[in-house]
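Asks: Once you've had a glance at the structure underneath, I'll fire off some questions.
The values are calculated or read from the model by the stated rules, or taken from the named source; none is laboratory data. Please read all numbers here as calculations on a predicted model, not as lab measurements. Reconstructed Cβ throughout: ideal geometry from the backbone, glycine too, with neighbour counts over all protein chains shown. Remember, those area values only see protein heavy atoms, side chains included, never the ligands or the DNA or RNA. Shrake-Rupley method; radii C 1.70, N 1.55, O 1.52, S 1.80 Å.
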Amino acid sequence: MSTSTPLPGAPFFHFHDGALHAEQVPVAALAREHGTPLFVYSQAALGAALAAYQAGFKGRNVSIHYAVKANSNLSILRFFAQQGCGFDIVSEGELERALAAGATPEKIVFSGVGKTRHEMRVALGYQIGCFNIESEAELEVLNEVAQSLNVRAPISLRVNPDVDAQTHPYISTGLKNNKFGIAHERALAVFQRAAQLPHIAVKGIDCHIGSQITTEAPYLDALDRVLDLVDAVEAAGIPLSHIDCGGGLGIQYQDEKPPVASDLWAKMFARADARGYGERHFMVEPGRSLVGNAGICLTEVLYLKPGEEKHFCIVDAAMNDLPRPAMYQAYHTITGVQEAATQNLASAPLYDVVGPVCESGDWLGRDRRLHLQQGDLLAVYSAGAYSMSMASNYNTRPRAVELLVDGSHVRVVRQRDTLAQMMQAEQLL
């Protein structure tokens, strides 16, 4: 990547005096101190991403619920809690993480297609704000669980609007052939059933059409379909206190230019105003767009392996650290941490950047022009979302250290796994 092209995560990740910095800190120094693979997050980048949403919501009744699945590090959750955010969770574990980080239970929304009875009981015990119901069967089970506790469960129905988010099939969630949500044509009947159940309190309507969405049209189309349903549901005598538009806004991995959150929401509210719903309580559940460009992964070049058809750069980060390329054939920008190594790339050799895991799918980048020597450090950008939250110990590899940089101050927010920790839950027979 030429230095004339903005880095994903700029200006919070930038070259200064020839070296890559996270805010005011040279990242090579962090790698020397903490080892690699290493995740480095910028607190200023988190704040700037959140501020773009807040700017779009100025003067409106909107609550922001950070989607914990994107990055569940406790310090990142605490940062968002301190900024007044609620949380969108999809498991008991994420619920406990959010609460441990200081979340207010009534600001927690529980999504996901496979909530267990146990998870429902735990969430009801904490008196969370809302369950996003994804099927008719789930609605009936939640009513039974709430009855056993002699409480009423607050719910919204997640509606599948059959809108194409124009994203990767694995992260599209709003089409008829996706597993998520209640079909648009069934929604009114299910709302009517929910209103009849004695231990269910209908609160709102929810819609989430996918992730890494880089155009405005799918959001506007989905909003129109949701507002059509609000018309029908309230005409049937069922008031809705909130409209949840989900999340899914994309980020820059390579050369994408997704809408700025404030610009997108100006258009969303113009559409809502035109239909008479602009003063309603809206909810959003952003994840990737808050944290994705706020993180990089640093990795060391272990070996350079030339071949007749392919040259391989073997690094110490792998698919267990950065799963998105293996799962989605996803692109992450990769550069050296010295600015000189990012220049005159037209003459650089072409490499596949691969990890040590014993899988042919263990690659971080294909066909990348890089100036490399054994022992160099590489930075993998846009690694703040769906990296550490999806990381594993495959090949009995310790999960990486995580650091949070705030100006010139650096905190370790997760220690590297030890082999003893990785084996402590097992019993040798």
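Asks: Can you go through G365, G361, G384, G375 and tell me which one is over 23 Å from R32 (Cβ atoms), touching a residue at least 12 places away in the same chain (Cβ under 8 Å) and part of a loop (DSSP other than H, G, I, E, B)?
Replies: On the way: G365 fails: part of a loop (DSSP other than H, G, I, E, B); G384 fails: over 23 Å from R32 (Cβ atoms); G375 fails: over 23 Å from R32 (Cβ atoms).
When all the criteria are applied, what remains is G361.
Asks: Might you let me know whether region 23-38 holds any residue that is within 18 Å of Q82 (Cβ to Cβ) and hydroxyl-bearing (S, T, Y)?
Replies: No, because not a single residue in region 23-38 is within 18 Å of Q82 (Cβ to Cβ) and hydroxyl-bearing (S, T, Y).
Asks: Same structure again: Of all the residues that make up region 258-308, how many are closer than 19 Å to H242 by Cβ and among the acidic types (D, E)?
Replies: Total meeting the criteria: 3.
Asks: Oh, and also: Which residue pairs have Cβ atoms under 7 Å apart, sit 6 or more places apart or on different chains, and have a first residue in region 299-317 that is over 25 Å from L38 (Cβ atoms) and a second that is of a type in the set (D, E) and modelled with pLDDT of 95 or more?
Replies: Pairs that qualify, where the first residue is over 25 Å from L38 (Cβ atoms) and the partner is of a type in the set (D, E) and modelled with pLDDT of 95 or more, are K310/D352.
Asks: For region 100-133, which residues satisfy the criterion of being in a helix (DSSP H, G or I) and open to solvent by less than 40 Å² (accessible area, probe 1.4 Å)? Step through it out loud before you land on a result.
Replies: Pass one, region 100-133, residues in a helix (DSSP H, G or I): 100, 105-107, 117-126.
Residues satisfying the conditions are P105, E119, M120, V122, A123, L124.
Asks: Considering region 221-259 alone, what residues qualify as being within 18 Å of the chain's Cα centre (by Cα) and either surrounded by fewer than 15 Cβ atoms within 10 Å (Cβ to Cβ) or farther than 24 Å from G287 by Cβ (or both)? Can you show your working first?
Replies: Step one: filter region 221-259 for residues within 18 Å of the chain's Cα centre (by Cα), giving 244-254, 256-259.
Selection gives Q254, E256, K257.
Asks: Only one of these conditions is not met by R32: (1) in a helix (DSSP H, G or I); (2) closer than 30 Å to P356 by Cβ; (3) under 23 Å from the mean Cα position of the chain (by Cα). Which number is it?
Replies: The failed condition is (3).
Asks: Can you tell me which residues in region 368-405 are closer than 21 Å to V68 by Cβ and over 20 Å from the mean Cα position of the chain (by Cα)?
Replies: Residues of region 368-405 closer than 21 Å to V68 by Cβ: 382-393, 399-404.
Across region 368-405, the qualifying residue is only N393.
Asks: Can Q166 be described as surrounded by fewer than 16 Cβ atoms within 10 Å (Cβ to Cβ) and either part of a strand (DSSP E or B) or at pLDDT 95 or above (or both)? Reasoning before the result, please.
Replies: Working: surrounded by fewer than 16 Cβ atoms within 10 Å (Cβ to Cβ): yes; either part of a strand (DSSP E or B) or at pLDDT 95 or above (or both): no.
No; evaluated as a whole, the condition is false for this residue.
Asks: On to the next question. All but one of (1) over 23 Å from D88 (Cβ atoms); (2) assigned to a strand (DSSP E or B) hold for V202; state the number of the condition that does not hold.
Replies: Unmet condition: (1).
Asks: Turning to a different aspect of this structure: Quick one: P325 ticks every box in (1) open to solvent by 40 Å² or more (accessible area, probe 1.4 Å); (2) free of Cβ contacts under 8 Å to residues at least 60 places away in the same chain except a single one, so which number is it?
Replies: (1)
Asks: A further question on this structure: Would a scan of region 336-358 turn up a residue that is open to solvent by 10 Å² or more (accessible area, probe 1.4 Å) and under 22 Å from the mean Cα position of the chain (by Cα)?
Replies: Within region 336-358 (the criterion being open to solvent by 10 Å² or more (accessible area, probe 1.4 Å) and under 22 Å from the mean Cα position of the chain (by Cα)), the answer is no, since none of the residues qualifies.
Asks: Now for a separate question. Report yes if some residue within region 292-305 is open to solvent by 20 Å² or more (accessible area, probe 1.4 Å), out of contact with any Cys (no Cβ under 6 Å at 6 or more places or on another chain) and under 30 Å from F57 (Cα atoms); otherwise report no.
Replies: The answer is yes; a qualifying residue exists.
Asks: Mind checking which residues of region 58-71 are buried (at least 21 other Cβ atoms within 10 Å of the Cβ) and of a type in the set (S, T, N, Q)?
Replies: Listed by number, the list holds a single entry, N71.
Asks: If I filter region 260-274 down to residues being part of a helix (DSSP H, G or I), of a type outside the set (S, T, N, Q) and under 24 Å from the mean Cα position of the chain (by Cα), which single residue comes out as surrounded by the most Cβ atoms within 10 Å (Cβ to Cβ)?
Replies: Taking region 260-274 as the starting set, the residues that turn out to be part of a helix (DSSP H, G or I) are 261-274.
With the extra rule that they be of a type outside the set (S, T, N, Q), the set shrinks to 261, 263-274.
Right, trim to under 24 Å from the mean Cα position of the chain (by Cα) and you get 261, 263-269.
Working: A261: 22, D263: 13, L264: 21, W265: 26, A266: 13, K267: 15, M268: 21, F269: 20.
Filtering first and then ranking leaves W265.
Asks: Moving on. Take the residues in region 1-57 that are of a type in the set (D, E, K, R) and on the phi > 0 side of the Ramachandran plot, then tell me which one is most open to solvent (accessible area, probe 1.4 Å). Even if it seems obvious, please write down each step before you answer.
Replies: Going residue by residue through region 1-57, those that are of a type in the set (D, E, K, R) are 17, 23, 32-33.
Adding the requirement that they be on the phi > 0 side of the Ramachandran plot leaves 17, 23.
Values: D17: 141, E23: 26 Å².
Among them, the one singled out is D17.
Asks: Which ones in region 387-429 are touching a residue at least 24 places away in the same chain (Cβ under 8 Å), assigned to a loop (DSSP other than H, G, I, E, B) and either open to solvent by 60 Å² or more (accessible area, probe 1.4 Å) or not hydrophobic (A, V, I, L, M, F, W, C) (or both)? Give the steps one after another, and end with the answer.
Replies: Just the residues of region 387-429 that are touching a residue at least 24 places away in the same chain (Cβ under 8 Å), to begin with: 387-408, 410-414, 416-417, 422.
Of the ones still in play, those that are also assigned to a loop (DSSP other than H, G, I, E, B) are 387, 391-393, 397-400, 407-408, 416-417.
Once the filter is applied, which keeps residues that are touching a residue at least 24 places away in the same chain (Cβ under 8 Å), assigned to a loop (DSSP other than H, G, I, E, B) and either open to solvent by 60 Å² or more (accessible area, probe 1.4 Å) or not hydrophobic (A, V, I, L, M, F, W, C) (or both), region 387-429 yields S387, S392, N393, R397, P398, R399, G407, S408, R416, D417.
Asks: For region 117-129, state whether one or more residues are closer than 19 Å to Y53 by Cβ and in contact with an Asp or Glu (Cβ under 8 Å, 6 or more places away or on another chain).
Replies: Let us first name the residues in region 117-129 that are closer than 19 Å to Y53 by Cβ, namely 129.
Of the ones still in play, those that are also in contact with an Asp or Glu (Cβ under 8 Å, 6 or more places away or on another chain) are 129.
Yes.
Asks: Can you pull out the residues in region 49-65 that are touching a residue at least 24 places away in the same chain (Cβ under 8 Å) and part of a helix (DSSP H, G or I)? Explain how you work it out, then say what you get.
Replies: Pass one, region 49-65, residues touching a residue at least 24 places away in the same chain (Cβ under 8 Å): 49-50, 52-53, 55-57, 60-65.
Matches in region 49-65: A49, L50, A52, Y53, A55, G56.
Asks: Given (1) outside any helix (DSSP H, G or I); (2) in contact with a helix residue (DSSP H, G or I) (Cβ under 6 Å, 6 or more places away or on another chain), identify the lone condition not met by L46.
Replies: L46 satisfies all of (1) outside any helix (DSSP H, G or I); (2) in contact with a helix residue (DSSP H, G or I) (Cβ under 6 Å, 6 or more places away or on another chain) except (1).
Asks: What about I89, is it buried (at least 18 other Cβ atoms within 10 Å of the Cβ), touching a Gly at 6+ places or on another chain (Cβ under 6 Å) and farther than 21 Å from L404 by Cβ?
Replies: Values: buried (at least 18 other Cβ atoms within 10 Å of the Cβ): yes; touching a Gly at 6+ places or on another chain (Cβ under 6 Å): no; farther than 21 Å from L404 by Cβ: yes.
It is false that I89 is buried (at least 18 other Cβ atoms within 10 Å of the Cβ), touching a Gly at 6+ places or on another chain (Cβ under 6 Å) and farther than 21 Å from L404 by Cβ.
Asks: What's the total number of residues in region 220-238 that are acidic (D, E) and in contact with a helix residue (DSSP H, G or I) (Cβ under 9 Å, 6 or more places away or on another chain)? Explain how you work it out, then say what you get.
Replies: Keep residues of region 220-238 that are acidic (D, E), which gives 221, 224, 228, 231, 234.
Filter once more, so that each one left must be in contact with a helix residue (DSSP H, G or I) (Cβ under 9 Å, 6 or more places away or on another chain): 224, 228.
The total comes to 2.
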